[in-house]
Amino acid sequence: MSRLEVGALNDCGQVDLEQKSIKDRDVSASTIDEFRAEGCLFEAVMLNQTNISEGKVVDCIFTKCSFAGAELEDFLFERSEFNSSWMQGIQVPQAPFRDCYFNACKLNNANFRYAKFKDCIFDSCVLPEADFLGADFKNVDFINCDLRESQFSQSSLKDVRLKGSQIEGISLSKESLEGVTVDTAQAIYLASVFGLKVED
């Protein structure tokens with residue numbers, strides 16, 4: 001990544017980036033028709049309240065970027081990382097996320113309704129009141145995350161692990177728990193929620 005050519009990110013109708021390094025750019029509250037990035041490094045890029053109609057992000061790394069309140073429609077994310085980024089209230093419904101890594105990101109009130117997550121990791125992320133209604137999860141880890149009051153109703157959870165995460169107030173069905181691995185404290189909490197009796 002250190003050898004990437006320095007690129008530009010402007011408030012314009014179409015953005016097409018390949019093997020570029022973008023740093024310290026602010027295009028908040030802009031409207032972009034199409035956003036495509038492959039093999040790029042983004043650092044301290046501000047996209048707050050930005051509306052993007054269509055996008056594809058592959059093999060990219062975002063570090064200390066901000067997407068607060070951004071609306072990303074018809075998007076695909078693949079083999080990409082988000083590190084220490086602010087994504088509160090981001091809107092990415094129905095988006096596919098494949099082999100993506102979220103590390104120490106703030107995602108409270110994010111809208112991931114009907115999104116599809118496959119081979120993804122959320123590590124030490126803040127996700128209270130995040131909305132995953134109807135989302136599809138396959139082989140996904142939530143490690144030491146804050147998932148309090150998050151919404152997983154009608155979601156498909158297969159090989160999902162919640163290791164060390166806070167889940168008080170989480171909304172999910174008893175049926176979906178069949179594909180979820182929880183620790184002892186989480187199991188006791190969920191048993192109380194669903195009226196199950198736990199005996200030694």
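Looking only at residues that are surrounded by 13 or more Cβ atoms within 10 Å (Cβ to Cβ) and touching a helix residue (DSSP H, G or I) at 6+ places or on another chain (Cβ under 8 Å) in the range 169-197, which one is nearest to residue 133 (Cα to Cα)?
177
Report yes if some residue within the range 149-165 is surrounded by 14 or more Cβ atoms within 10 Å (Cβ to Cβ), under 18 Å from residue 102 (Cβ atoms), touching a Cys at 6+ places or on another chain (Cβ under 7 Å) and among the aromatic types (Phe, Trp, Tyr); otherwise report no.
Checking the range 149-165: not a single residue is surrounded by 14 or more Cβ atoms within 10 Å (Cβ to Cβ), under 18 Å from residue 102 (Cβ atoms), touching a Cys at 6+ places or on another chain (Cβ under 7 Å) and among the aromatic types (Phe, Trp, Tyr).
Read the figures in this text as sums done on the coordinates, not as results from a lab. As the structure is a computational prediction, the values presented were derived from the model and not from experiment. Methodologically, a virtual Cβ is constructed for each residue, glycine included, from the backbone with ideal geometry; neighbour enumeration extends over all protein chains shown.
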